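The values are calculated or read from the model by the stated rules, or taken from the named source; none is laboratory data. These numbers were taken from a predicted model, which means no experiment stands behind them. Heads up, the Cβs are rebuilt from the backbone with ideal geometry, glycines too, and the neighbour counts pull from every protein chain shown.
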Amino acid sequence: MNYPNKKRLLTSAALSLLMLGLPKPLHAESLDTIQTHALEAVVIRSYIPQRPTAPSIGQPTSLTWITPKALEQYRIQSLTDLTSRVPSLFIPDYGSKRSSAIYLRGSGARSAGQTIGLYVDGVPVLNKSGFNFELPGLAGIEVLRGPQGSLYGRNAMSGIINYYTRSAFEHTGGQASLTAGSHRLLRASVEQSLLLNPKLGLNYGLSGTTRRGYFYNETHRAYQDSLRQISAFTKLEYRPSDRLEMALSLTGDYVRQGGFPYRTDDPVTKRLAPLNAGDEETYERHSFAARYLLSYKWGRVQLQSATGYQYLYDRTAMDMDAMPVYLFRVTQGLRQHGFTQEFILKGLRERSQKYAWSLGLFGYYDAKHIEAPVHMSYRGIKSMIDSQLARLHQRSPQAPKITYNDPQAKDVTNLNDFRMPDWGLALYHESAYELAPAWTVTAGLRLDYEHHLVRYDSRGYEMPLTITLPDGREMNVRGKAALLQGKQSVDYWHVIPKFSVAWKPSEALHAYATVTRGLKTGGFNEQSFSDLITTVQGHNVQAMSGRTPAFDESTIPERTTYKPEHSWNYELGARYHQASWGLELSASAYYMHVKDLQLTRFVSSGAGRVVGNAGASRTWGLELAASQRIYSSLRAQLSYSLTDARFSEDYTGGKKGDFVPFIPRHIFSAMLSGNEYLTSKLRLFGEVEWSGLGELYWREDNSQRENLQTILRARLGLGYQRYAVSLWGGNLLDNSYTIFQAASPLGRLVQTSAPRTLGVDLTVRF
């Protein structure tokens, strides 16, 4: 075989033989690693082009690399399955693929952006509504912890999650699998890598999932959280020479599902009421993404280009009152077209060289159209408005009494339409210099510019009112529907520096220190307009009596925008690897100071959530991981992370010293795993894992707390040549715990975790 990339193939073969020469458990597990490495030369050599996690000299970073074997071992099929796989990472499963709240190292958000970026083959996913998807044909997942802004820019303040797809130049073959489980779970998938000729490779994957659901709605007599999903992937690679490499990949999915429903609880006993929601909760998504990747080398310089297009349509319907009768319902539809382009120049370092560099230019355009009507029944709107007017009358008892009174008892709708185009440019550079054989320093700098625009059209509803005068006379009036139309824009400039020092006295020991700045971009709260229009109408009603001036529209920008969030991060880390002992140890300690912390809150009406700035916070944390071969293929793995995130100043919702909500203080995992060949063809494999997290707080004033949550899972299987069958169980102790709660005008709303699930996997390789 005389392939143009023969040198690369020989290198890969040599590395494979080296790994085969190691004790089996050393390369059969997914280990947390805190290391300095040249990512493109060590972990994912075949992927082109590769955004540089580090210049080729290597730079220190805290990372977790999840191998294809570990993806199968942990049954990682979606974003939420990464919780407990990565220290300090918490991705709660709310049931809906739209809700992709990610918390890492004390930072994160439920809505309006993330402090963590998600990339597929070096191309960013622009909207978090598209984060939680299944991607057949994965070669591995990499999670970088800590700010990565000098290379990745916006929304990389806590870290980066990188998905890497398989390459036919690295491995050919395929796999088909079938899963059946409790709650009428069925899943089927197939993936394959084909080398069509020495220069052309093809990869494809297809998966489908259906599930009845976990939570039965007594009102609708149906399960509230059913799931239907189809995902597809294909990648065509062309490598005509060692200098030129190209790849075109296409991904898409269709999702239709419910979500883990909200329930109310008894204010005294705190017991959850039965699920009797009057409205169904549904989520539907259509997505498509195309990525064109190119790499060209001349001399000691490499040019990489990554071009991306993303289309996303989704629609959400939420029952915001969790009551048997229909009061309030929120629907939101999003249509997005996004474009990204990145150029990277890298110096290709020879072993004798001490200096490495990379220079990048990145641009994006993200056009979103959002429709977010709020539907209110006559009973719901009357109860809300009458309660507001009653409080007004209590403050002014001599004023006329006003009540909402529609003889036709019509439902009303608050209409909201938003056009939100954003664009940005960034220029960045990173250099690494080897001061001595054991010491390397790295410095980076990034300049970002962003322009955000919103055109809003928010329409209220006519208000039929009955005014009762002090003498008992009544007058019927009809308040005019409020209308808010206009546009507003914001511009952001950001400078993101980075500095690090790495020490590698031996092959077994790596240590580092870093100082980095992180950034999460600001923006607009489109959901706040539904609450704002209600405020405007309230002002208009009060103005009818001449006691209150009309609403001041000049206050709209400060009511609907939030500022960027910035951080400074200081970190020390080390890793020790002793292959002969089968031992891996890693540790990191960090301190992060955050300014203008962004927090998610329910609007006053309860109809939606918005992001607001909550002053400053500080976080310090500790991450520990250990893996030890006990006997033959039996391996023990332990990980623990402590995250102490607190407000560092008083503000409206809390006080200095209070814990930042939604962030677990402790996350741990303990697992025993094995993969033992009983004969030359028959193997026994499995694992048992106990993991947990807590404590975490639901409110900024720390008045509501969730204690330690634990999960027990296990898997046991037999493999015979190309075939494997395994039995698995999740949440084996059937623990039920709160995954989210929030206060609303109707009381406390609670979401609970999924119950115990059991199933069987059948797999065949070809």
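General remarks:
- Of the candidates ASP658, ASP644, ASP650, the single residue that is modelled with pLDDT of 95 or more and either of a type in the set (A, V, I, L, M) or out of contact with any helix residue (DSSP H, G or I) (no Cβ under 7 Å at 6 or more places or on another chain) (or both) is ASP644.
- Residue within the range 682-701 that is within 18 Å of ALA101 (Cβ to Cβ), within 23 Å of the chain's Cα centre (by Cα), among the small types (Gly, Ala, Ser) and buried (at least 18 other Cβ atoms within 10 Å of the Cβ) present: no
- Spans of strands (runs of 3 or more DSSP E) in the range 673-766 with at least 3 residues hydrophobic (A, V, I, L, M, F, W, C): 682-694, 709-720, 723-730, 738-744, 757-765
- For the range 550-563, the criterion of being touching a residue at least 40 places away in the same chain (Cβ under 8 Å), under 30 Å from TYR492 (Cβ atoms), in contact with a Gly (Cβ under 6 Å, 6 or more places away or on another chain) and assigned to a helix (DSSP H, G or I) is satisfied by no residue at all.
- Of all residues in the range 81-92, those satisfying the criterion of being crowded, with 19+ Cβ neighbours inside 10 Å and of a type outside the set (Phe, Trp, Tyr) are LEU82, THR83, SER84, ARG85, VAL86, PRO87, SER88, LEU89, ILE91, PRO92.
- The strands (runs of 3 or more DSSP E) found wholly in the range 439-528 and carrying at least 2 residues that are in contact (Cβ under 8 Å) with a residue 12 or more places away in the chain and within 30 Å of LYS382 (Cβ to Cβ) occupy 439-459, 463-468, 474-479, 483-503.
- In a residue-by-residue description of the range 749-759, the property of being modelled with pLDDT under 95 and under 21 Å from SER88 (Cβ atoms) applies to at least one position.
- Number of residues in the range 613-640 that are outside any strand (DSSP E or B) and among the polar types (S, T, N, Q) equals 2.
- Only a single criterion out of (1) surrounded by 17 or more Cβ atoms within 10 Å (Cβ to Cβ); (2) over 21 Å from the mean Cα position of the chain (by Cα) is not satisfied by THR600, namely (2).
- Residues that are part of a loop (DSSP other than H, G, I, E, B) and over 18 Å from ASN731 (Cβ atoms) within the range 662-672 comprise PHE662, ILE663, ARG665, listed in sequence order.
- Matching residues, the range 135-166, being of a type outside the set (A, V, I, L, M) and under 13 Å from the mean Cα position of the chain (by Cα): ASN155, SER158, GLY159, ASN162, TYR163
- Among the residues making up the range 487-535, none is within 30 Å of ALA574 (Cα to Cα), buried (at least 19 other Cβ atoms within 10 Å of the Cβ) and of a type in the set (Asp, Glu).
- Every pair of residues 6+ apart whose Cβ atoms lie under 7 Å, when the first sits in the range 569-590 and is in contact (Cβ under 8 Å) with a residue 12 or more places away in the chain while the second is assigned to a helix (DSSP H, G or I) and surrounded by 15 or more Cβ atoms within 10 Å (Cβ to Cβ): ALA579/LEU26; GLY582/PRO25; GLY582/LEU26
- Of all residues making up the range 377-412, the number that are outside any helix (DSSP H, G or I), among the hydroxyl-bearing types (Ser, Thr, Tyr) and surrounded by 15 or more Cβ atoms within 10 Å (Cβ to Cβ): 3
- Residue ID - surrounded by the most Cβ atoms within 10 Å (Cβ to Cβ), chosen from residues in the range 348-376 that are without any contact (Cβ under 8 Å) to a residue 60 or more places away in the chain and polar (S, T, N, Q): GLN353
- Scan of the range 216-244 for residues that are in a strand (DSSP E or B), over 30 Å from GLY259 (Cβ atoms) and of a type outside the set (Lys, Arg), ordered by number: LEU236, GLU237, TYR238, LEU244
- Single residue of THR234, THR210, THR251, THR264 found to be over 25 Å from VAL330 (Cα atoms) and out of contact with any Phe, Trp or Tyr (no Cβ under 8 Å at 6 or more places or on another chain): THR210
- Taken together, the criteria place THR643 among residues that are hydroxyl-bearing (Ser, Thr, Tyr), in contact with a strand residue (DSSP E or B) (Cβ under 7 Å, 6 or more places away or on another chain), part of a strand (DSSP E or B) and surrounded by 21 or more Cβ atoms within 10 Å (Cβ to Cβ).
- Single condition ALA180 does not satisfy, out of (1) modelled with pLDDT of 95 or more; (2) more than 25 Å from the chain's Cα centre (by Cα); (3) farther than 28 Å from SER84 by Cβ: (3)
- Odd one out for LEU250 among (1) free of Cβ contacts under 8 Å to residues at least 24 places away in the same chain; (2) part of a strand (DSSP E or B): (1)
- Scanning the range 715-733 for residues that are surrounded by fewer than 18 Cβ atoms within 10 Å (Cβ to Cβ) and aliphatic (A, V, I, L, M) turns up LEU716, LEU718, VAL725, LEU727, LEU732, LEU733.
- Set PHE328, PHE339: member being surrounded by fewer than 16 Cβ atoms within 10 Å (Cβ to Cβ) and over 30 Å from THR442 (Cβ atoms): PHE339
- Of residues in the range 536-549 being assigned to a helix (DSSP H, G or I) and surrounded by fewer than 18 Cβ atoms within 10 Å (Cβ to Cβ), the one modelled with the lowest pLDDT: MET544
- Output for the range 263-312, where each listed residue is assigned to a loop (DSSP other than H, G, I, E, B) and closer than 30 Å to SER358 by Cβ: GLY299, ARG300
- Selection of the range 631-665 for residues being in contact (Cβ under 8 Å) with a residue 40 or more places away in the chain, of a type in the set (A, V, I, L, M) and closer than 25 Å to LEU684 by Cα yields only LEU634.
- In the range 84-123, the residues that are among the charged types (D, E, K, R) and either farther than 21 Å from GLU342 by Cα or in contact with a Cys (Cβ under 9 Å, 6 or more places away or on another chain) (or both): ARG85, ASP93, LYS97, ARG98, ARG105, ARG110
- Matching entry among ASP531, ASP491 (being among the acidic types (Asp, Glu) and at pLDDT 85 or above): ASP491
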